[in-house]
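The values are calculated or read from the model by the stated rules, or taken from the named source; none is laboratory data. All values derive from a computational prediction rather than experimental measurement. Cβ placement follows ideal geometry from the backbone for every residue including glycine, while neighbour counts extend to all protein chains displayed.
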Amino acid sequence: MVRRVAIVGTGQTEHGKRRDVSFPELVYDAVRRALDDANLTIEEVDAVVTGSMPAPMEGVNAPHLYWGDDAAGAVMKPNMRVATCGTTGMSVAQSGYYHVASGLFDVVMAIGAEKQYEGQAQGTMNTIGDAHFTRPFVPGAPGVFAQQSNEYLHRYNVPEEKVRLAAAEVSVRNHVDAFDNPYAHIKVKIGVDDVLNSRIICYPIRLLDVCPQSDGVCVVIYASEDKARKITDTPAWVKGVAYCGNEYWAYDSDSVENPATIEVAKLAYRMAGITNPLKQLDVAEIYNPFTFQEMMHYECFGFCKPGEAHEIIEEGVVARGGELPCDPSGGVLSTNPIGATAMVRVAEAALQVTGKAGAHQVPDAETAFCNGLGGANTLISVMILGRKP
């Protein structure tokens, strides 16, 4: 029988161009912060799950061996590596959850890590597509998501100008919100015109529609119900988890009303008892590497109907102070250590429901939604956390 599981500690590094420390030192920093947050020692951790992007991204082969034992404290402990492209952080997070829910371990540490500035990030991303049929048309992540964004712009009977303005508002909101997040990488005060006039990266995506490259590490510690209640008075309970894979061939399925994205939300909602996400969720950490993807996620996750994302943006529904604040941390648009990015969503959701989010805390947040996205829009994951089990 599946056991109840809670997050009892989180730790993040300051994200950005972290050339001031080695990869193991960066990992150790986040691990130390998570253990301190949970008031645990490394000896009390039963197992470790780690993940990062492929080796060429990090500049070292088998990065989990580079920092997995000493820096992560995994010496003589079960240590599993998980890697699923952009959604790696959520894959690691869910693996850590299942380690405890299964009854195998009582306390498990999950680590998502990235050191992009020591490797070939874009060179690696350029190889995610099939070498013969896809790669010539998909120059890395911007190529994949630019095609999806173009389709979204012309899918519904909505003036293109409205959609573009809404996407620009997403960028402005995330970059400004990042000022209240001490771990965020990119913090810039911009307006809608700045976004709309920034240079084209891959049409229709402009520079300020795009997430950065970041170095950084995020750690989440899970515990069984009995252990969690002894460790902390404010655990973040895992209420729903789901993971879906889409077609490998990016355009064999609908890339806008994405079937895997819709299904993964339904599965997580069912597990968590969510029937009306806009009313029952208090905060959401959306995986938003590009502005248009945040809008499509609103629709696929049931925050609004297809083609209506621009309306809930215009009405302030998803802004801080709105009915369902999204990405109060600044989101992926401000911080993107890819192997850790989706786990940052989990950690931020946990901070919200435990009241530890500091300056970007959403008042009275009891239920939080977070997700990950990876591959050529092919791997989708969701986790729902709550203040109560």
Hey, could you check region 199-233 for residues that are small (Gly, Ala, Ser) and either within 23 Å of the chain's Cα centre (by Cα) or surrounded by fewer than 24 Cβ atoms within 10 Å (Cβ to Cβ) (or both) and say which is nearest to residue 182 (Cα to Cα)?
216
Restricting the search to region 251-262, which residues are outside any loop (DSSP other than H, G, I, E, B) and surrounded by fewer than 24 Cβ atoms within 10 Å (Cβ to Cβ)?
259, 260, 262
Within region 41-75, track down each residue that is touching a Phe, Trp or Tyr at 6+ places or on another chain (Cβ under 7 Å), closer than 20 Å to residue 337 by Cβ and of a type in the set (A, V, I, L, M).
60, 71
In a loop (DSSP other than H, G, I, E, B) and modelled with pLDDT under 95: is that true of residue 157 in this structure?
yes
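Out of the residues in region 88-129 that are outside any loop (DSSP other than H, G, I, E, B) and over 24 Å from residue 71 (Cα atoms), state the one that is nearest to the chain's Cα centre (by Cα).
125
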For residue 82, only one of the following conditions fails: (1) free of Cβ contacts under 8 Å to residues at least 40 places away in the same chain; (2) among the hydrophobic types (A, V, I, L, M, F, W, C); (3) surrounded by fewer than 18 Cβ atoms within 10 Å (Cβ to Cβ). What is its number?
(3)
Here the residues within region 319-348 that are touching a helix residue (DSSP H, G or I) at 6+ places or on another chain (Cβ under 9 Å) and surrounded by fewer than 24 Cβ atoms within 10 Å (Cβ to Cβ) are 319, 320, 322, 323, 324
Conditions (1) without any contact (Cβ under 8 Å) to a residue 24 or more places away in the chain; (2) in a loop (DSSP other than H, G, I, E, B); (3) aliphatic (A, V, I, L, M) -> residue 319 fails only (1)
Subset tally (residues that are closer than 22 Å to residue 51 by Cα, of a type in the set (A, V, I, L, M, F, W, C) and part of a strand (DSSP E or B)) for region 201-235
6
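Give the residues of region 17-49 that are of a type in the set (A, V, I, L, M, F, W, C) and closer than 25 Å to residue 187 by Cβ, sorted by residue number.
21, 23, 26, 27, 30, 34
Suppose we keep only residues that are among the hydrophobic types (A, V, I, L, M, F, W, C) and at pLDDT below 90 within region 45-74. Which one would you say is surrounded by the most Cβ atoms within 10 Å (Cβ to Cβ)? Quick ask: steps written out before the conclusion?
First, pick out the residues of region 45-74 that are among the hydrophobic types (A, V, I, L, M, F, W, C): 45, 47-49, 53, 55, 57, 60, 62, 65, 67, 71-72, 74.
Next, from what is left, pick out any that are at pLDDT below 90: 53, 55, 57, 60, 62, 65, 67.
On the way: 53: 28, 55: 16, 57: 25, 60: 17, 62: 10, 65: 12, 67: 26.
Residue satisfying both the conditions and the ranking: 53.
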What is the residue count in region 40-58 for residues that are of a type in the set (Ser, Thr, Tyr) and in a loop (DSSP other than H, G, I, E, B)?
2
Scanning region 3-39 residue by residue, the ones that are among the hydroxyl-bearing types (Ser, Thr, Tyr), within 18 Å of the chain's Cα centre (by Cα) and in a loop (DSSP other than H, G, I, E, B) total 1
Residue among 50, 87 that is over 17 Å from residue 105 (Cα atoms), of a type in the set (Ser, Thr, Tyr), in contact (Cβ under 8 Å) with a residue 12 or more places away in the chain and touching a helix residue (DSSP H, G or I) at 6+ places or on another chain (Cβ under 7 Å)
87
Per the filter on region 263-312, residues in a helix (DSSP H, G or I) and either within 17 Å of the chain's Cα centre (by Cα) or at pLDDT below 95 (or both) are 264, 265, 268, 291, 292, 293, 294, 295, 296, 297, 298, 300
I'd like the full set of residues that are closer than 23 Å to residue 388 by Cβ and not in a helix (DSSP H, G or I), limited to region 335-356.
354, 355, 356
If I filter region 253-262 for residues that are touching a Phe, Trp or Tyr at 6+ places or on another chain (Cβ under 6 Å), modelled with pLDDT under 95 and not charged (D, E, K, R), do I get at least one hit?
yes
